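> I have a structure here, written as structure tokens, and I will follow up with some questions on it.
The values are calculated or read from the model by the stated rules, or taken from the named source; none is laboratory data. Just so it is clear, the model here is predicted, and its values are computed rather than measured. Don't worry about glycine lacking a Cβ; one is built from the backbone with ideal geometry, like all the others, and counts go over all protein chains shown.
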Amino acid sequence: MKKILKYVIVDIIQNKIVLIYTFLLLLISLSVFNLESNAAKGLLSLLNIILILVPLISIIFSTIYIYNSSEFIELLVSQPVKRKSIWLSLFGGLAASLSLAFFIGAGIPILMYHGDATGITMILTGLFLTVIFVSIAMLAASITRDKAKGIGLSILLWLYFSLIFDALVLFFLFQFQDYPLESAMVFFSFLNPIDLGRVQILLQMDISALMGYTGAIFREFFGNQVGVALSFFGLSIWIAIPLFISLKKFSRKDL
Amino acid sequence: MKKVLYLILISYFAVFSADAKVIKVGKTRSVAFIQRAVDLSQNGDTILVDPGLYKEKNIIIQKSITLKGINYPVLDGENKYAIISIKAKNTTVEGFKLQHTGRSEIRDLGAIMIYDSYKVSALNNILEDTNFGIYVQNSKRCTIKDNSITAYGKDEVQSGNGIHCWRSDSLIIIGNKIKGHRDGLYFEFVKNSLIWRNVSTQNVRYGIHFMFSNRNTYVSNIFERNEAGVAVMYSSNIRMYNNHFLNNWGDAAYGILLKDITDSDISGNHFTKNTVGLHMEGCSRIKLYKNIFNNNGWAVKIQASCDKNDFSRNNFIGNTFDIGTNGSLVLNTFTGNYWDKYEGYDLFKDNIGDVPYHPVSMYSMIIDSNPAALMLFRSLIVSLLDKTEKILPGVTPENLRDNKPVMRPISL
């Protein structure tokens, strides 16, 4: 398993796309921090990029990579290696290399310009989002054999998590406007890793006072150590479940 | 004519000073108690008090005298009494340290109480741990200057106000530093007064609070980190220039809350880092110009109950929301302001944007009607909705717009 993992990581790190991704992130973060008048504002601009770009690149790159290495997978399956370890090494390789790319591209500039609790929360969230969307990509790739369908599915999933889900929440909010929804909102935020990460970062940024009662509820829930632990646990669940399902699918799959 | 006037003046002063004598008070002197000195004195006298600790219960002054402390003698209220009560004209209290006033549910106890007086001055005193600091009631032309007033109030009920003025006229309040009271400055039925260069911070409720106080002028004051910011109500002809409203951050904190204020002038003020910079309710005919709104949650929240207010040449920089409102009725005007979120263009290069700017974002309307939508703050869907709404206003009030937004920040 270690060997496969090593091959995958080396292969991905040499990949041009990942290099470009790293470089692009680095460029964006540095320019954002240098352009904005203060580092806190830079962090806020970077937030949007992290919440949109990181999941998109992670999910699409991973899906394409898995489809492209189908021959390599077939070759490995013919060897006396467990399917589980093949799949997990693929996941590990993708997650590790993309996380590394994110850390170099965005993490280091953040640490340089804004290395406090907010910055660190942001880096952690970015890393989690990377791994979560790799895991979701594995799920998408394991569902269908058709490459086009698989990539389409992963784009759709990205769209769902970054746009459609929020639209549904908004719709729900207006339908049930007359009910106290503050606690329900806390629950909803757990249903989408991007929302969970965003709320976590925003609370670090001391914006909750802006929002009156809801802000107070969010702060009460997420503001203490238990809340932070819970939300990172939630994010971990978001890694584990898609990966687990995809693993089940892959181990029974007819290649 | 002028010479005659001078002559009269000089002779007046000559007579005045010939009459006046100086009484010295101190532990080692013949007069050991301030109250005794006050009783001995006549109009125009000066009482000089040596440094030391004086526990005299309530000193009552009903004469035109000057009470002066040398090196801040300490007057202690033993947590039971008011310290100095003045009911006179032309009286001055200067250079004392007043501490530990009493607290009472029935009577307002303060360090310097001024009742029914005329031309009384409280200058350069240090007040520590007072219930009310300086209390002015039913007086005219009093001066309160350069006092430092500190209390350690825990809640609204237990503590009093720093400078409390009731039913007075033509007061001058300059250069005081007030901290930790219920309201830093409190005015009720106070007219024609000047409030200048005061610093009111970390009070339990409001930095300044006035009601029914018309024709007052507030210049260059600083209101910072008060629990609920600043609230002013039911007054007209208010002038506010170059004040700073800073760091009032919390659920119900406002840089300044204006309720039923009319015919007023607000200019050159800085609103920085407040949850709501300026909140207006039922206000009419206020001119707001050359103010700077910087890094607030909401720069301005203007309720639909306001009319004929005019915002011009203000700078809106780095606010999460520029304007918030609660209805579609707009009876106020916005002209020639600088908005950092403005995305229009300027073909004529005359520094005036060619397309109007709509300062109310859709999301701020959503939050106003549905606070739980906080969860979507800064999400992609919200920015998309905001962008579409900017192009085709549907939910936000179409008339709330700046037709001549300027392209560059106005230098103020």
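> Checking B:Ile317 against (1) away from chain A (no Cβ under 14 Å); (2) surrounded by fewer than 22 Cβ atoms within 10 Å (Cβ to Cβ); (3) more than 18 Å from B:Met362 (Cα to Cα), which single condition isn't satisfied?
(1)
> So if I check each of A:Ser251, A:Ser246, which one is surrounded by fewer than 20 Cβ atoms within 10 Å (Cβ to Cβ), more than 8 Å from chain B (Cβ to nearest Cβ) and among the hydroxyl-bearing types (Ser, Thr, Tyr)?
Exactly one residue qualifies, and that residue is A:Ser251.
> Just for the range A:113-125: of the residues that are over 14 Å from A:Leu53 (Cβ atoms) and of a type in the set (A, V, I, L, M), which one is surrounded by the fewest Cβ atoms within 10 Å (Cβ to Cβ)?
A:Ala117
> Can you find a residue in the range B:191-204 that is in contact with a Phe, Trp or Tyr (Cβ under 9 Å, 6 or more places away or on another chain) and basic (Lys, Arg)?
Looking for residues that are in contact with a Phe, Trp or Tyr (Cβ under 9 Å, 6 or more places away or on another chain) and basic (Lys, Arg), one finds none in the range B:191-204, hence no.
> I've got another one for you. Can you report the number of residues in the range B:378-387 which are without any contact (Cβ under 8 Å) to a residue 12 or more places away in the chain and either in contact with a Gly (Cβ under 9 Å, 6 or more places away or on another chain) or part of a helix (DSSP H, G or I) (or both)?
Qualifying residue count for the region: 5.
> Please find, within the range B:395-407, the residue that is farthest from the other protein chains (Cβ to nearest Cβ) out of those that are assigned to a loop (DSSP other than H, G, I, E, B) and either closer than 25 Å to A:Gln204 by Cβ or hydrophobic (A, V, I, L, M, F, W, C) (or both).
B:Leu400
> Right, next: For the range A:126-143, how many residues meet the condition of being polar (S, T, N, Q) and either crowded, with 24+ Cβ neighbours inside 10 Å or more than 17 Å from A:Phe91 (Cα to Cα) (or both)?
Of the residues in that region, 2 qualify.
> Another question, if that's okay. If I filter the range B:51-61 for residues that are over 13 Å from B:Ile84 (Cβ atoms) and crowded, with 17+ Cβ neighbours inside 10 Å, do I get at least one hit?
Looking through the range B:51-61, none of the residues is over 13 Å from B:Ile84 (Cβ atoms) and crowded, with 17+ Cβ neighbours inside 10 Å.
> Of all residues being polar (S, T, N, Q) and closer than 20 Å to A:Leu203 by Cβ in the range B:372-389, which is farthest from the other protein chains (Cβ to nearest Cβ)? Just the residue, please.
Applying the filter and picking the extreme gives B:Ser383.
> Let me ask something additional. For the range A:11-55, which residues satisfy the criterion of being over 26 Å from B:Lys341 (Cα atoms) and within 14 Å of chain B (Cβ to nearest Cβ)?
Passing the criteria: only A:Pro55.
> I've got another one for you. Output the residue which, of all residues in the range B:238-268 that are assigned to a loop (DSSP other than H, G, I, E, B) and within 14 Å of another protein chain (Cβ to nearest Cβ), is farthest from B:Ile222 (Cα to Cα).
B:Asp251
> Right, something else. Show the residue pairs meeting these rules: Cβ distance below 7 Å; 6+ apart or different chains; first residue within the range B:326-351 and over 13 Å from B:Arg401 (Cβ atoms); second residue assigned to a loop (DSSP other than H, G, I, E, B) and among the charged types (D, E, K, R).
Short answer, once both residue conditions are applied: B:Tyr338/B:Arg408; B:Tyr345/B:Asp354; B:Asp346/B:Asp354; B:Leu347/B:Asp354; B:Asn351/B:Arg408.
> Please verify whether the range A:149-169 includes one or more residues that are surrounded by fewer than 20 Cβ atoms within 10 Å (Cβ to Cβ), modelled with pLDDT under 90 and out of contact with any strand residue (DSSP E or B) (no Cβ under 7 Å at 6 or more places or on another chain).
No, because not a single residue in the range A:149-169 is surrounded by fewer than 20 Cβ atoms within 10 Å (Cβ to Cβ), modelled with pLDDT under 90 and out of contact with any strand residue (DSSP E or B) (no Cβ under 7 Å at 6 or more places or on another chain).
> State the number of residues belonging to the range A:1-59 that are more than 22 Å from B:Asn319 (Cα to Cα), at pLDDT below 85 and in a helix (DSSP H, G or I).
1
> Could you tell me which numbered condition A:Leu181 fails, if it satisfies all but one of (1) facing chain B (nearest Cβ under 10 Å); (2) at pLDDT 90 or above?
A:Leu181 satisfies all of (1) facing chain B (nearest Cβ under 10 Å); (2) at pLDDT 90 or above except (2).
> Residues in the range B:343-371 that are in a loop (DSSP other than H, G, I, E, B), within 14 Å of another protein chain (Cβ to nearest Cβ) and crowded, with 17+ Cβ neighbours inside 10 Å: how many?
Adding up the residues that qualify gives 1.
> Does B:Leu392 count as free of Cβ contacts under 8 Å to residues at least 40 places away in the same chain and more than 14 Å from chain A (Cβ to nearest Cβ)?
Yes, satisfied.
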